[in-house]
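Undergrad: The structure is given below, and queries will be raised subsequently.
Just so it is clear, none of the values below were taken in a lab; they were calculated from the coordinates. Because the structure is a prediction, the values reported are computed rather than measured. Neighbour counts are summed over all protein chains in view; Cβ atoms, including those assigned to glycine, are modelled from backbone coordinates with ideal geometry.
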Amino acid sequence: MNEKTMQFSLGDQTEREVRDTLTQVYNALKEKGYNPINQIVGYILSEDPTYITTHNNARNLIRHIDRDILLQYLVKFYLGN
């Protein structure tokens, strides 16, 4: 049995790129009358892009962010690191 801890490595997207994209997606969802938090969580959990509106190209924008990177930054932000 291998008891070594696996290490996880992420891509090259910067925190600012992710923040800017997530903000644009949030704003597009809000403009269309959706609950942005619920929709973004639905997308993260399912990777189903239909949770995100096509308004202001939001669906295309969020699909350019790797979900693992998105989760990493969200956890990092939440924990204040």
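Undergrad: Placing unit charges on C-beta atoms (Lys and Arg positive, Asp and Glu negative, everything else neutral), compute the dipole magnitude of the chain about its Cα centre in debye, rounded to 20.
TA: Taking the Cα centre of the chain as origin, the dipole is about 220 debye.
Undergrad: Net charge near residue 48: determine it from the other residues with C-beta under 14 Å of the C-beta of residue 48, scoring Lys and Arg +1 and Asp and Glu -1.
TA: Numbers: positive: 59, 63, 67; negative: 47.
Around residue 48, the surrounding residues sum to +2.
Undergrad: Sticking with this one: Is the C-alpha gyration tensor of the chain telling us rounded, prolate or oblate? Criteria: a/c under 1.5 is rounded; beyond that, a/b larger than b/c is prolate, otherwise oblate.
TA: Numbers: a/c = 2.24, a/b = 1.95, b/c = 1.15.
Since a/c reaches 1.5 and a/b is larger than b/c, the shape of the chain is classed as prolate.
Undergrad: So if R0 is 30 Å, what FRET efficiency would residue 78 and residue 55 give, r being the distance between their Cβ atoms, rounded to the nearest 0.05?
TA: Details: r = 27 Å, r/R0 = 0.90.
Plugging the Cβ-Cβ distance into 1/(1 + (r/R0)^6) gives 0.65.
Undergrad: How large is the dipole of the range 19-60 about the Cα centre if only Lys and Arg carry +1 and Asp and Glu carry -1, each at its Cβ, rounded to the nearest 20 debye? Could you put the intermediate results ahead of the total?
TA: Values: 4 positive and 4 negative charges, 24 e Å.
That gives the range 19-60 a dipole magnitude of about 120 debye.
Undergrad: Under the rule of -39500 (n - 2.57) per DSSP H run of 4 or more residues, summed and divided by the residues of the chain, what mean residue ellipticity at 222 nm is obtained, to the nearest 500 deg cm²/dmol? Write out the running numbers ahead of the final one.
TA: Working: 4 runs with 47 residues, N = 81.
Taking each H run of at least 4 residues, the total per residue is -18000 deg cm²/dmol.
Undergrad: Give me the angle, in degrees from 0 to 90, between the Cα long axis of helix 67-79 and the longest principal axis of the Cα atoms of the chain, rounded to the nearest 10.
TA: 80
Undergrad: For the Cα atoms of the chain, what angle does the longest principal axis make with the long axis of helix 36-46, in degrees from 0 to 90, nearest 10?
TA: Value to nearest ten degrees: 50.
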